[in-house]
Amino acid sequence: MKDSQCIKLAELSVVSVDAEQTLPIRHKVLWPDQALDFSKVDGDEDARHFGVALNDDLISVASIFFETNDTARLRKFATLPEFQGQGIGSHLLKHILEDLRSSGCSMLWCDGREAAKAFYQRLGFEASGERFYKKDIAYFKMTKTL
Ligand SMILES: CC(C)(COP(=O)(O)OP(=O)(O)OC[C@H]1O[C@@H](n2cnc3c(N)ncnc32)[C@H](O)[C@@H]1OP(=O)(O)O)[C@@H](O)C(=O)NCCC(=O)NCCS
């Protein structure tokens with residue numbers, strides 16, 4: 001990353017987006033070797049989608065799928081590679097946690113990639129169960145009480 005690209009979190013806005021808008025980042029970051037449609041999720045039309053915008057361009061996205069009134073699942077969380085490691089994903093996830101609390105949600109879980117396990121743990125998620133794999137990528141179930 002160039003110095004001139006240094007991000008100030010206070011200048012970033014968290015925005016509501018629709019599922020289609022999340023697709024390019026989902027595809028590029030999570031499943032670049034699969035077809036674009038592989039990054040779509042059943043239920044996308046009913047999910048709550050969030051993004052972080054920099055100069056009107058999305059640089060990070062995450063989607064929330066409500067399973068019951070008080071349990072939600074985080075899916076397809078991704079920050080563009082050139083913007084990773086600067087606090088943007090934490091900023092987005094903290095916003096989502098507040099949004100869920102004010103919606104009366106008490107539990108958030110995700111299938112977290114092992115590479116992101118420490119990230120989730122830093123934000124209060126706990127890993128449970130055995131490591132499992134999707135297309136050779138290792139995951140743990142990660143859960144946070146809100
Ligand atoms: C996981 C992911 C969404 C997090 O988004 P992000 O914008 O990189 O998140 P952050 O910058 O807040 O945190 C990432 C790391 O950078 C560190 N970090 C945060 N701010 C930082 C800063 N200013 N300077 C240096 N490092 C920083 C964090 O401590 C964190 O480290 P950790 O992984 O050891 O916990 C992103 O890294 C990503 O897209 N990864 C690839 C796809 C993926 O694994 N998605 C999750 C699927 S379950």
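The values are calculated or read from the model by the stated rules, or taken from the named source; none is laboratory data. The structure presented is a predicted model; accordingly, all values stated were derived computationally and were not measured. Because the Cβ atoms are built from the backbone with ideal geometry, glycine has one as well, and the counts that use them run over all protein chains shown.
I'm checking my understanding of the structure. Among residues of segment 128-146 that are surrounded by 16 or more Cβ atoms within 10 Å (Cβ to Cβ) and within 12 Å of the ligand (Cβ to nearest atom), which one is nearest to VAL14 (Cα to Cα)?
Within segment 128-146, the match that is nearest to VAL14 (Cα to Cα) is MET142.
Determine which member of the set THR68, THR22 is over 19 Å from LEU93 (Cβ atoms) and either β-branched (Val, Ile, Thr) or in contact (Cβ under 8 Å) with a residue 40 or more places away in the chain (or both).
On the way: THR22 fails: over 19 Å from LEU93 (Cβ atoms).
Checking each option against the conditions leaves just THR68.
Say whether the condition of being surrounded by 14 or more Cβ atoms within 10 Å (Cβ to Cβ), in contact with a strand residue (DSSP E or B) (Cβ under 8 Å, 6 or more places away or on another chain) and of a type in the set (D, E, K, R) is met by at least one residue in segment 75-88.
Yes - at least one qualifying residue is present in segment 75-88.
Here are VAL61, VAL52, VAL15: which of them is modelled with pLDDT of 95 or more, in contact with a Ser or Thr (Cβ under 6 Å, 6 or more places away or on another chain), part of a strand (DSSP E or B) and over 20 Å from MET142 (Cα atoms)?
So the residue among VAL61, VAL52, VAL15 that is modelled with pLDDT of 95 or more, in contact with a Ser or Thr (Cβ under 6 Å, 6 or more places away or on another chain), part of a strand (DSSP E or B) and over 20 Å from MET142 (Cα atoms) is VAL52.
Write out, first by first residue and then by second, each pair whose Cβ atoms fall under 9 Å of each other, whose residues are 6+ apart or on separate chains, and whose first residue, in segment 72-99, is small (Gly, Ala, Ser) while the second is modelled with pLDDT under 95 and more than 8 Å from the ligand (Cβ to nearest atom).
Going by the 9 Å Cβ cut-off, the qualifying pairs are ALA72/SER103; GLY85/MET1; GLY87/ILE7; GLY87/LEU9; SER90/LEU9.
Among the candidates LYS8, LYS117, which residue alone is basic (Lys, Arg) and within 26 Å of TYR133 (Cα to Cα)?
Being basic (Lys, Arg) and within 26 Å of TYR133 (Cα to Cα) holds for just one of LYS8, LYS117, which is LYS117.
Could you list, in sequence order, all residues of segment 95-124 that are closer than 16 Å to SER16 by Cβ and either within 9 Å of the ligand (Cβ to nearest atom) or surrounded by fewer than 14 Cβ atoms within 10 Å (Cβ to Cβ) (or both)?
GLU98, SER102
Restricting attention to segment 64-90, report how many residues are assigned to a strand (DSSP E or B), of a type in the set (Phe, Trp, Tyr) and within 12 Å of the ligand (Cβ to nearest atom).
Here is the first cut: in segment 64-90, the ones assigned to a strand (DSSP E or B) are 64-66, 71-79.
Checking the rest, the ones that are also of a type in the set (Phe, Trp, Tyr) come to 65-66, 77.
Cutting the leftovers down to within 12 Å of the ligand (Cβ to nearest atom) gives us 77.
Within segment 64-90, residues that are assigned to a strand (DSSP E or B), of a type in the set (Phe, Trp, Tyr) and within 12 Å of the ligand (Cβ to nearest atom) number 1.
Quick grid of which residues meet (1) modelled with pLDDT under 95; (2) assigned to a strand (DSSP E or B); (3) not charged (D, E, K, R):
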position: LEU92; (1), (2), (3): no, no, yes
position: GLY112; (1), (2), (3): no, yes, yes
position: GLN121; (1), (2), (3): no, no, yes
position: GLU130; (1), (2), (3): no, yes, no
position: THR143; (1), (2), (3): no, yes, yes
